[in-house]
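Report on the following structure.
Bear in mind these aren't lab numbers, they're just calculated from the coordinates by the rules spelled out. Not measured: the values here are computed from a predicted model. Note that we place each Cβ from the backbone using ideal geometry, even for glycine, and neighbour counts take in every protein chain shown.
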Amino acid sequence: MRNWYMDYLAPTSVEEAVGALAAQPDARVFAGATDLIPQIRAGRPEPGLLIDLKRIDRCTTVTKTDTGWVVGAATPTSRLTEDPDFSSTLPGLSEAAGLIGSDQIQNRSSLGGNLCNASPAADSVPAMLVNEVRAVVAGGNGTRTLPVGDITTGPGKTSLADDEFIVEFEIDAPPPNTGDAYLRMIPRTEMDIAVVGAGAQITLDADGNCAAARIALGAVAPTALRVADAEAALVGNPINDDTLAAVAAAASAACNPIDDKRGTIAYRKQVAGVLAKRAVKLAADRAAGTNANGAH
Amino acid sequence: MTMTEDPTTPGYKWVGTRPIRPDGLDKVTGKARFGADLILPNMVEAAVLRSRHAHARILSIDTAAALEMPGVQAIITGDDFPPTDDMAPGDAHQAVKVMARDKVLFEGHPVAAVAATSRAEAQAAAKAIVVTYEQLPHVLTVDEAMADGAPILHDDLITANVDPAPETASNIASRAFFERGDLDEGFAAADAILERSYTTKPVHQGYIEPHAAVADSGQNGRANLWVSSQGHFDMRTMTAKVLGMSASKIKATPAEIGGGFGGKTTIYLEPLAVLLSRKANRPVRVVMDRDEVFMATGPTSGSSMKIKMGIKNDGTITACDLWMAFEAGAFPGSPVGAASMTALACYDVDNFRIEGFDVVVNKPKVAAYRAPGAPISAFAVESMIDELARAIDMDPIELRLANAAKEGVQAPYGPVFPRIGFIETLEAIRDSDHYRSPVPEGQGRGLASGFWFNIGGNSVATVNVHADGNVSVITGSPDIGGSRSSMALFAAEEFGIDVERVQPHIADTDTIGDTDVTGGSRVTLATGKVVVEACRKIVTDLCRRAAKTWDCEIEDVEWVQGHAQHVSGTESPLSLADLAANAGRTGGPISATHAENVRGAGAGFSTQLVDLAVDEETGQTSIVRYTTAQDAGKAIHPSYVEGQMQGGVVQGIGWALNEEYIHRADGTLDNPSFLDYRIPVASDLPMIDTIVVEVPNPNHPYGVRGVGEVGIVPPMAAIANAIDRATDCRMEHLPMSPVALLEAINERNAD
C-alpha cells in the first residue's frame, strides 16, 4: 500500500531524475507546480513522489548559442520575459510566456510545465509552434529531440513515456525580416485562461510580400494546432485585407472547439479567425520593423 | 501622519480630513487577525461534507467508518440539531440551511461535519461518510420554478401576500406589490411606450476572505465564538436560535473581516463549530475553501423582469408597469421587496404598478449584497429610461431632471422624501468635465442613476478617557469600510484633540450593548451618532469637573478646542489631559455610554457616467472613463467615502460584464473559483473618478447619510446604455460578456 503522504525529491542531475521517475510508477516531475498544486487541491489523485526539477542546472539554464537559445524546461518564464535580448528577438514567444498567470506565478511557471500540463489553452504553446521550438527529452532509453508539436496528444495527455521528461528547449533565432506574435482572447485583461489563442511567425521578402508563414491556434481543439491552409493563403502574397480575410476564414475552419463555460463553439471559431488575422498583421509589422515592441 | 490635501470644512478641524486608518498598519503588515487566524490550545479542525446534488432526499447517513478514521474527534449531522418544528419559519429555514435534515436543496448543502486533529484528517473522514440519496428533479431558474408541474422544494410553502391565499404549495414564497394612480390613463397620456424583458444571473459578493469560525463550547452550556462577520451580535443570536440556546449563553468576539458586502450578515459555519466543539470537548476551527464559498454562501438573486413604460415628448414619465421574479435560492428571502421599493424611487411617477415574486430554486440561499435588489430592478428601469430618452430624442440627464424625486415627493413605497440630493448628483454629472467633453470617436457614453434607503438602527458606544488624556471609543460595529477612522474623527472633533489620541475598538457581545450589523450603510450614521452623543456626555461631565475645580457654576464653563475654559478668562484653561489626570478628585473615572435605536437615515442617490469601447470583432468591452457622483450627506473621511463609491462601481462593472453563476444541467455549479467567476482585476479598470455631493442629512449631527451601497445600483444600466450607444445593440441580459455581445453584434450585422 502506498504512503498516505507524498514523497518529495529534488535531484541535481538528469540521470538521478530519470532513475527516480523510472523507479516509481506514480511519480511526477514538476517545475513551478503552478498547475500541479491547484489540481491536487481540486481533488486530482496525488502523485506518490514529486520530483522537483529546479535543482538540475540544465533544467533552469538559459544559454545563447550561435543559432538561438537553449532554455531549461523548468526556467521561470519571468527569466525569459525580462531578458531584453530574448524578448526583442522573439517578442511573440516572450509575450506569450508573459501571459501565464500573474507576476508572482511567472517567477515559478515554466515553458516545460505549460507544455506538459497539456491544456489546449496553454499560452506558450502556439507561440512555440510558430517558432518550431524543439524539446530535448530525457528518459530511460537516453535522450531524444522532437518538435514541441509532437509532445501533447490531447487535453492532459502527452506522448512522453512514464520515465521521460523535458530537459530543455532548443529555440532558433528567427531568420532576417521575420517577426512573431501571440494574441489571446480572455474576458478580462489578465489572470485568465485563453478562450482563443493565436500565434504567427511571418517572414517578408524584399518586396514586403509574405515569404514564409507559420500560424497556430490554441484553445480551439484538443491540442494547439498549426493552420496550414492559413499559412498557404499568405505565402507569396502581400499582407492585405484580402489575404488576412483568407487567413481568418482558414483559421475559423480549422477549429474544432468545445462549448464550455469559457466560450461557445461559434464564438471560438469566429474569434480564432479574428485573432489569427491580427497576429499575422502584428508579426508582419514586426518583420517589417514597424512595430518591434509589440502592441496590445 | 495626517494628510491634509482637503480643505477642512468650516467649523470642523478633523471631520473631512484623511488620517491613516488606525487598523491600517496591522493590515498591511499581516499582523491583523482575520477569521481563520485564531489558534486556541487543543484546537481541532473541521471539514464539512456537502451535497453534490441540487435536490435529493437523504435516505441514510452512515458515519461508522468515518468515526474510526485517524484523528477524528466528533461528527455531527442534522440529527444533532434541535428539531425545527417549534421554530418560526425563518428560523427553521436558517436551521435547515446550515445543516440539511431530510432533503438537500442545493449543491453544497451541508450534510455532516467532522472535527479531527488536522484538516486533512477531517477532510478524509468527511469523504468516508456514506450518504444515500434519492435524487429529485430540480429547478434552477424562476421560469422553471414557476412553471406548472414544477418540482416543489418545500411542500409547506404557501405564497404570502396573495388574496385569496393559494391552497397548494408552490415555489413562490411571496409577492410584493406597489401601485399608484391609473395605469391605463398613464399609458393613454404617453407619446411613446416601450416594453422590454430583462434577465440577470446570480452574482456573488466576491469577498476575498472565505468564511471562518472558531468555537469553544464549555460543559456549562455556554460557548465562545470567534467570527469574521458584519455583525457578531447577529451571528450569536442566529447561532443560538438554530441550536435552541439563549443568545446570551454565547459570547461572540469579532475578528477582522476581509470583505462582506452583505454576504457576511448570516450564519453558515458558526452553529457547526459550536456543536462540534461541544461534542469533541475541544475548541474547533472551521474554514471554507473558495469553492464552498461559491457553492454554499449567498450570491444575490438571478432574476427575470418585464417592464412597460410610457413617456410624453416633454420627458414626463406617465406610467410604469414592472413585473419581477427573483431567485431566492433554496429558502425564501430574495430582495425582490427592496427591488420593488427602490425601482422607481429616483422618480416622481403618477401611475405605476410594481409586482415582485420571491421564488425558491435549487441554488444556495441568497444573502444580502450591497443595496440588495436595487441594482437588479435599476438595470431594467434605467435601461428602459435610456431607450425612452433615445425614443423622444432627449438628453438622458434632462429627462431624469424632468422626473426627479425631491423633497416633498412621495416615494413609491410610501413615505414623503425629506431633503434629498438626487438632483444634485444629476447636476454634478451634467457639470462635470467628463459630461462636457465630447464622446471620443468609436466609444459609447452611458448614464444611469440609483437609489438606496440607507438605514439607522441599534448602536452603542462607550467612550473612556484614560488618565493620560487619551481616548478609547468602544463600539460593536465591525469595521469593513474604514469606520474606525470615522469614529476616531468624530471623537477628535467633539473633544478637540488630535485624532491620533483616539483609539477605536470593536468589542465582543458581552462587553458592549447589542449592535446591529455593519450593513445598510448604517455605521457612520448610526454608530457615528452614538459616538458623538457619548462624547458630548463626557464633555458635559468634563465641564462639570472643571466647575468643581474652579468652584464655579457649570454654566460658566465652556469646552473650547480640547480645553475647559472659564467664560471670564480668569482661570487657566484645563486640557483634557489635565482633567483626566485629576479625575480621581473630581468624581472618578471619565466614561460614558450612549445607546440608541437611531432613526432618520438619509436616502442615498448616485448618478454615474461611463465611456466605453467595444471591440466589434471579439465582443469585448473596455471601460475607458467612469465618473460617479453620489450624495454622502457629509463625507467624514473622504478617502473611505470615495473608496465606497469606487468599490460599488467596480463590483457593478463585474456584474455588468462577466460575473455570473454558471450551472450545469445537473444543477451543479460549473465555475466555483475566481478563475471562472470573473470579478474585475485592476487592469480591467480606469481610475473611477468620484464627485462627492454633500446635501446634509438634517437628522444627523454631522449630516451623514451613509455611502456604502448605492454606488452599485447604476453601473449595469449605465454600461448597457453605453454599449447601446456604441454599437446599437441593446443588451437585455446580464452579463454582457464578450460571447453575448458578439452574438448581438452578429445579429445586428445580419439585419
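Okay, here's what the table says:
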{"read-out": "Residue-by-residue Karplus 3J(HN,Hα) for the range A:267-275, coefficients 6.51, -1.76, 1.60, Hz, glycine and proline x", "value": "5, 4, 4, 5, 6, 4, x, 4, 6"}
{"read-out": "Cut-off 12 Å between beta-carbons: net charge of the residues surrounding B:ILE158, Lys and Arg +1, Asp and Glu -1", "value": "-2"}
{"read-out": "R0 of 56 Å, Cβ-Cβ distance B:ASP91-A:ASN107: FRET efficiency to nearest 0.05", "value": "0.65"}
{"read-out": "Label-point separation in nm, B:ARG748 to A:ASP162, each point 7 Å along Cα→Cβ", "value": "5.7 nm"}
{"read-out": "Given charges at beta-carbon only (K, R positive; D, E negative), |dipole| of the protein assembly as shown in Debye", "value": "2040 debye"}
{"read-out": "Given B:LYS97/B:LYS264; B:LYS529/B:LYS634; A:LYS54/B:LYS31, the pairs whose alpha carbons are separated by over 22 Å", "value": "A:LYS54/B:LYS31"}
{"read-out": "Amide H contacts of B:SER229 (H built 1.01 Å from N, under 5 Å, at least 5 apart or other chain)", "value": "B:ALA255"}
{"read-out": "Chain B: DSSP helices with Cα axial extent of at least 30 Å and average Kyte-Doolittle hydropathy no lower than -1.0", "value": "B:528-550"}
{"read-out": "Average other protein chain Cβ within 10 Å of Cβ, residues A:180-189", "value": "4"}
{"read-out": "The range A:200-215 - phi-based ³J(HN,Hα) in whole Hz, Karplus 6.51/-1.76/1.60, Gly and Pro as x", "value": "8, 10, 10, 10, 9, 8, 4, 8, x, 7, 6, 8, 8, 9, 10, 10"}
{"read-out": "Cut-off 11 Å between beta-carbons: net charge of the residues surrounding B:GLU134, Lys and Arg +1, Asp and Glu -1", "value": "+1"}
{"read-out": "Cα-centre dipole for chain A with unit charges at Cβ (Lys and Arg positive, Asp and Glu negative), debye to 20", "value": "740 debye"}
{"read-out": "From phi via Karplus (6.51, -1.76, 1.60), per-residue ³J(HN,Hα) for the range B:455-468 in Hz, x at Gly/Pro", "value": "10, x, x, 7, 9, 9, 9, 10, 10, 10, 9, 7, 4, 8"}
{"read-out": "Max mean-square fluctuation residue, GNM over chain A, Cα-Cα springs under 10 Å, options A:ILE239, A:ILE215, A:ILE40", "value": "A:ILE40"}
{"read-out": "Under 5 Å, built H, 5+ apart or other chain: amide partners of B:VAL139", "value": "B:ASN362"}
{"read-out": "Chymotrypsin sites (Phe, Trp or Tyr not before Pro) within the range A:5-49, DSSP loop, no more than 14 other Cβ atoms inside 10 Å", "value": "A:TYR5"}
{"read-out": "Positive-pole candidate from B:TYR702, B:ALA665, B:GLY619, dipole of the range B:592-751, charges at beta carbon", "value": "B:TYR702"}
{"read-out": "Under 5 Å, built H, 5+ apart or other chain: amide partners of A:VAL62", "value": "A:GLY72"}
{"read-out": "Label-point separation, B:GLU398 to A:ARG188 (7 Å along Cα→Cβ), nm", "value": "4.2 nm"}
{"read-out": "Set of aspartates and glutamates with alpha-carbon distance to B:LYS103 below 18 Å, sequence-local pairs under 8 removed", "value": "B:ASP62, B:ASP79, B:ASP80, B:ASP85, B:ASP91, B:GLU134, B:ASP155, B:ASP156, B:ASP666"}
